[in-house]
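The values are calculated or read from the model by the stated rules, or taken from the named source; none is laboratory data. Bear in mind that the values here come from a model prediction, so they are computed numbers and not experimental data. Glycine gets a Cβ as well: all are built from the backbone with ideal geometry, and neighbour counts include every protein chain shown. Note: areas computed on protein heavy atoms with side chains; ligands, DNA, RNA excluded. Shrake-Rupley method; radii C 1.70, N 1.55, O 1.52, S 1.80 Å.
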Amino acid sequence: MKTRVIAVVAKVMDVPLDQLDETSSPDSVENWDSVKHMALIMAMEEEFGIQMTDSQIIKLWNVASICEAVGQSLPQMTD
Amino acid sequence: MSFNHTDAFLSHIKKEAPAFAKQISDTADRNPGLFGELAEPMLAWACKAIGPQWLETLTRGYTTFVVGVNRSQAEYERDRRYKHSSYAEVHSQTYADPRFMNDYHWGVYVTTFAWEHHLHIYEFYRDQFLGRLRRSASAGKIIDLGCGSGIWSMLALARLESWKSTLVDISPTTLALTRRTVQCTGLADRVDAHQADAMSFRDGAPYDAGISCFLLEHLESPGQLLASLAKSLGERRFAFVTAALTAAEIDHIFEFRRESEVVALAEQAGFRVVAMFSSAPRSVAPSATFLPRSIALVLEKRVGEFW
Ligand SMILES: C[S@@+](CC[C@H](N)C(=O)[O-])C[C@H]1O[C@@H](n2cnc3c(N)ncnc32)[C@H](O)[C@@H]1O
């Protein structure tokens with residue numbers, strides 16, 4: 001999932017894949033402002049077929065926290 | 001050194017919502033004098049009105065508002081039209097809903113200084129409208145339709161010592177918060193606030209000046225609001241009116257696409273446009289069809305058809 005999240009970040013922020021990792025954040029990626037942040041969230045929602053809540057969106061502060069939120073929003077796997 | 005509300009707010013939002021802080025810091029960095037001139041008194045007022053939770057309340061209000069705005073704009077880019085067209089529908093989901101309005105109230109408040117293109121509207125207001133009021137009379141009364149937090153009136157009264165303002169808003173939640181803010185800021189004796197529909201409010205007319213900021217796009221017939229505003233003003237009096245163009249929000253129903261549409265409505269309502277400023281964000285996606293922006297007009301009430 002991490003690879004897919006980073007691929008979406010790279011596309012939305014227009015940054016080469018190899019410049020991104022789990023710690024990438026608005027501090028390290030110049031284009032990452034509130035408009036891009038929402039574009040990113042909506043791209044994640046489309047990529048993973050999920051819907052994030054406002055409070056989740058506001059707290060996301062780097063790639064690792066996005067991976068975590070995407071994980072929480074995915075339907076739980078049952079056996 | 002005295003407590004600096006602006007620094008406290010910027011560091012709080014940076015910590016709690018970093019993606020949202022960047023735009024505000026950029027606005028501050030690019031407009032150092034102007035940003036502080038507006039942000040510091042506004043934050044000090046909000047701090048007094050809200051109390052110890054002011055940083056959390058403002059941050060939650062602003063971030064929730066911005067999430068909603070950006071989602072709405074993305075949907076608008078996709079659908080090419082605003083989501084709602086019925087005022088009654090919007091009213092029940094927004095202005096009449098206390099939970100929604102609490103965040104919305106403070107969210108809109110923060111955008112006044114946080115969004116660079118709105119900060120520039122404040123500059124235009126200060127120079128082109130308040131300057132004119134000061135030159136036109138030493139005292140007078142203002143009518144502020146769709147006042148929200150009352151910020152535009154508060155900024156006027158802070159500079160024009162002998163003026164008063166009548167605030168009108170349809171939302172009971174907003175009005176309660178605004179009354180408290182006005183009390184805490186020492187302006188209460190120069191303000192009276194009414195919960196009413198701005199479309200028909202005329203109590204106390206004629207007024208010496210009018211304000212209606214970011215209300216037109218919320219209405220099914222904005223021309224009617226401008227006509228009502230004109231009727232409330234004395235001859236040759238000034239009004240300050242703003243509107244959002246191609247900027248979707250949950251409660252925007254009238255889609256202005258060009259500046260000339262707002263100008264034409266103002267002229268039809270009996271005004272002459274004295275000054276105009278169209279203000280847009282610095283950056284939008286190159287692929288965007290719409291430039292979400294705001295227009296501000298200084299209007300003079302005409303006496304006859306042409307002047
Ligand atoms: C975007 S806010 C603008 C608030 C304020 N003028 C400002 O610029 O910060 C719109 C305001 O219009 C109010 N409103 C909507 N419809 C109204 C109506 N028919 N009459 C009076 N107020 C109305 C809402 O409750 C809200 O407070």
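Brief remarks on what is shown
- Scan of segment A:1-53 for residues that are assigned to a loop (DSSP other than H, G, I, E, B), at negative phi and charged (D, E, K, R), ordered by number: A:D21, A:E22, A:D27, A:E30, A:D33
- Candidates are the residues of segment B:92-102 that are in contact (Cβ under 8 Å) with a residue 24 or more places away in the chain and not in a loop (DSSP other than H, G, I, E, B); the one that is farthest from A:K59 (Cα to Cα) is B:Q93.
- Check on B:I142, in a strand (DSSP E or B) and touching a residue at least 40 places away in the same chain (Cβ under 8 Å): yes
- Filter result for B:S149 (in contact (Cβ under 8 Å) with a residue 24 or more places away in the chain, within 11 Å of B:C213 (Cβ to Cβ) and open to solvent by less than 10 Å² (accessible area, probe 1.4 Å)): no
- Every test in (1) farther than 25 Å from B:A288 by Cα; (2) crowded, with 20+ Cβ neighbours inside 10 Å; (3) within 13 Å of the ligand (Cβ to nearest atom); (4) not basic (K, R) is passed by B:Y87 save one, and that test is (2).
- Check on B:F124, open to solvent by 10 Å² or more (accessible area, probe 1.4 Å), away from the ligand (no atom under 13 Å from the Cβ), assigned to a helix (DSSP H, G or I) and hydrophobic (A, V, I, L, M, F, W, C): yes
- Candidates A:D18, A:D27, filtered to the one that is more than 10 Å from chain B (Cβ to nearest Cβ) and not hydroxyl-bearing (S, T, Y): A:D18
- Looking only at segment B:157-212, residues that are small (G, A, S), farther than 24 Å from B:A296 by Cβ, within 16 Å of the ligand (Cβ to nearest atom) and out of contact with any strand residue (DSSP E or B) (no Cβ under 6 Å at 6 or more places or on another chain) come to 2 in all.
- The condition of being away from every other protein chain (no Cβ under 14 Å) and surrounded by 20 or more Cβ atoms within 10 Å (Cβ to Cβ) does not hold for B:A19.
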